[in-house]
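Read the structure below first, then the notes.
Nothing in this text is a laboratory measurement; each read-out follows from the coordinates by a stated rule. On a predicted model such as this, the values are computed, not experimentally measured, just so you know. Every residue, glycine among them, receives a Cβ derived from its backbone with ideal geometry; neighbour counts consider all protein chains shown.
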Amino acid sequence: MAASGTSRPRQIGKYRALFIAMIKSLKDLEIMLQGLHGFSKPKLHLEQYTTPPHLAASIVWLSFMRGELGRVVDVGCGPGVFAVAAASLGSKVVCMDVDEDAVKDCLSNSAQLSIDAVVMDALRPGIRDNYAATCFINPPFGIWSRHGLDTDMVKAALGFCNVIYSIHKRSIAATVLRKIGGQAVGHSTLVLPHTYPHHDKHRHDVEVIIVRTEKRS
């Protein structure tokens with residue numbers, strides 16, 4: 001039993017590494033992300049929900065096709081879905097999250113990739129201003145956390161990011177665009193599975209927009 005228990009992770013890592021090398025399309029990227037695990041210890045006050053693979057893949061692929069995936073920071077990384085997607089396409093990636101458990105989840109999902117992860121408050125990031133990264137953010141929507149936290153995270157990230165892709169509730173799209181000066185580049189349905197005790201439905205759908213924001217010179 002001990003032998004099989006220790007060999008299985010190596011086999012999983014081997015197959016994931018082979019698949020990463022074969023990623024040639026958006027669909028390949030989405031399929032790879034489907035194999036990642038979510039939050040091991042989700043926290044309601046942080047509004048922790050895993051970004052769906054199809055949504056994360058489409059956003060990262062869009063950035064990839066624009067030639068923006070050099071340095072990447074996954075802000076509020078959670079289990080690291082954006083980070084794994086970007087690293088699988090050749091990016092140098094840093095993950096940050098205020099939650100230590102989330103950072104551990106990110107490192108677990110990215111075991112076969114070169115990703116650095118750090119416990120850090122996204123509103124007080126310790127990354128130098130000229131880091132010139134592309135950032136991906138799926139922030140709290142202010143339902144259980146402070147209202148306006150989503151746009152505040154984007155504003156803080158503009159200190160070290162040249163380009164930011166972020167997800168926001170579609171119902172407040174005009175407000176978000178006014179606050180951060182970005183451009184809507186897509187929309188989708190964010191499917192939130194039953195995660196917390198107060199959930200009385202199998203899933204909850206939230207209409208969202210994807211916003212691309214550039215650092216102003």
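Brief remarks on what is shown
- Phi to ³J(HN,Hα) by Karplus 6.51 cos²θ - 1.76 cosθ + 1.60 over region 164-181, Hz, x for Gly, Pro: 10, 10, 9, 10, 9, 5, 5, 5, 10, 4, 4, 5, 4, 5, 5, 6, 10, x
- Under 5 Å, built H, 5+ apart or other chain: amide partners of V73: V94, T134, C135, F136
- Likely footprinting exposure, L123, L158, L29, fewest C-beta neighbours within 10 Å first: L123, L158, L29
- Estimated vicinal HN-Hα couplings, Hz - region 94-108 in sequence order (Karplus 6.51, -1.76, 1.60; Gly, Pro = x): 10, 10, 9, 7, 6, 9, 4, 4, 5, 4, 5, 5, 4, 5, 5
- Sorted ascending by nearby beta carbons within 10 Å, beginning with the fewest, C95, C161, C77 become C161, C95, C77.
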